[in-house]
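Data block below; observations after.
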């Protein structure tokens, strides 16, 4: 059945792939009109309705065949629709006189075809089509009113009944098919528009995503440029100062070595050793930070008892804390464990606890706590020293900001330690935060998943 329907559509519309609503309606109207004309011609002959009406019907059928075949094999152009329109005016006028005027089915016929012509006529001719059809109807009705003898009436009432029944039925089909075609075309256009809107929205979303990524990349580039400038500043300042001190001491020792007592020599050597240790520590941090930035550091995750890690880290800075008579208290469950890179987290803890010592006053106290909340290990280092001003806190973990400060005992720092800590914690899928108030002390907190890797 589907093959037969498709074959029938091909006969009517040809092998046109695109849905041209005006051409399709034109072919529909001519095709159905051919059927109506053929039935009308047969009725005229069978009922013997007169030679003139039969000839007019045959002429109309011939015109319809010509237009249908011509447009089906080419394209609907303005000349086709206009010529067909003018031919309809002539044919309908003749049918009016030879088909009982307004007593027949001419009124419905003219109305249905008018709807068709409004669709297929070029837009600039549609108003004039309305004017011509209006004048035609007024003229035909007026002539029938004043000159009824010009109208050929039905010889028998049953002839009129058959003509009206058949005509109205076919005109109803014609109106349905035309309206259905217009609606179908509208629905197809709406589907295409909806698809195009969806595609456009998708493109806009992709464009917005691309713009966001581009903006993110630009911001990242700006941060890298700022970081580069800060990095160069750190290198130039924090490498130059220790070397200047070393050069000054070694120059004095080289030129006046014999004039110094053993005690003075030991003092100078101690200062040199202290400077070299700080310089070496700084270079270690700098090299590790560089490896982290290049993703050259592969974390070695292992199950670790957190309390043991804290005790081991505190012991490394116990001598420094003892010089300032600072006590360090550890509060942590003995059975608390976490999967982490022991060496990397030890570096973080050593930096944070060293900073707490650095900014604590003599005789102060540092509290180190660790606990488990849901699946997160939270380690806090709290000191009760000088604290940090609010305008400095946002800059602590940024390489493009200079935040190097001096400790309570004149300790120097590069500011690289906290930046390194932040990067290591991020590598552990965690975060580092700080809460501080000037004169009250500071609390640095790191939070990492209990089970990494």
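Restricting the calculation to Cα atoms, the range 330-403 shows an Rg/Rh of 1.01 when the hydrodynamic-style radius is the Kirkwood one.
The range 336-379 and the range 413-453 have their alpha-carbon centroids 9 Å apart. Peptide packing for 320-330, 347-357 was compared via the average number of neighbouring C-beta atoms within 10 Å per residue; ordered from the highest value, the list is 347-357, 320-330. How tilted is helix 306-316 with respect to the longest principal axis of the chain? Cα atoms for both, answer in degrees (0 to 90, nearest 10). Value to nearest ten degrees: 50.
Each residue in 344, 136 was given a count of other beta-carbon atoms within 10 angstrom of its own, and listing them fewest first yields 136, 344. Output the 0 to 90 degree angle, nearest 10, between the alpha-carbon long axis of helix 21-46 and the longest principal axis computed from the alpha carbons of the chain. Tilt relative to the chain: about 20 degrees.
Between residue 209 and residue 445, the simple spin-label model (points 7 angstrom out along Cα→Cβ) gives 3.5 nm.
Taking the 0 to 90 degree range and rounding to the nearest ten, how far is the long axis of helix 416-427 tilted relative to the main principal axis of the chain, both from C-alpha atoms? Value to nearest ten degrees: 50.
According to the square roots a ≥ b ≥ c of the eigenvalues of the Cα gyration tensor, what is the shape class of the range 149-196, taking rounded for a/c under 1.5, prolate for a/b larger than b/c otherwise, and oblate for the remainder? Taking the square roots of the gyration eigenvalues as a ≥ b ≥ c, the range 149-196 is prolate. Helices in the chain, meaning DSSP H runs of at least 4 residues, each add -39500 (n - 2.57). Divided by all residues, the mean residue ellipticity at 222 nm is -23500 deg cm²/dmol. Highest-first packing order for the peptide set 70-76, 192-198 is 70-76, 192-198, based on the mean count of other beta carbon atoms within 10 Å. Computed over every Cα-Cα pair of the chain and binned at 20 Å starting from 0, the pair-distance distribution P(r) comes out as 18, 27, 9, 10, 19, 14, 3, 0 percent.
Averaged over residues, the count of other Cβ atoms within 10 Å places the peptides 379-387, 162-170 in the sequence 379-387, 162-170, highest first.
If Rh is defined by the Kirkwood formula over all Cα pairs and Rg also comes from Cα, what ratio Rg/Rh do you get for the range 37-158? Don't skip to the end; give the middle numbers.
Numbers: Rg = 15.3 Å, Rh = 15.4 Å.
Here Rg/Rh amounts to 0.99.
Since every read-out is calculated from the coordinates, none of them should be taken as a lab result. All of these numbers come straight from a predicted model, not from anything done at the bench. Please note: Cβ atoms are built from the backbone with ideal geometry, for glycine as well, and neighbour counts cover all protein chains shown.
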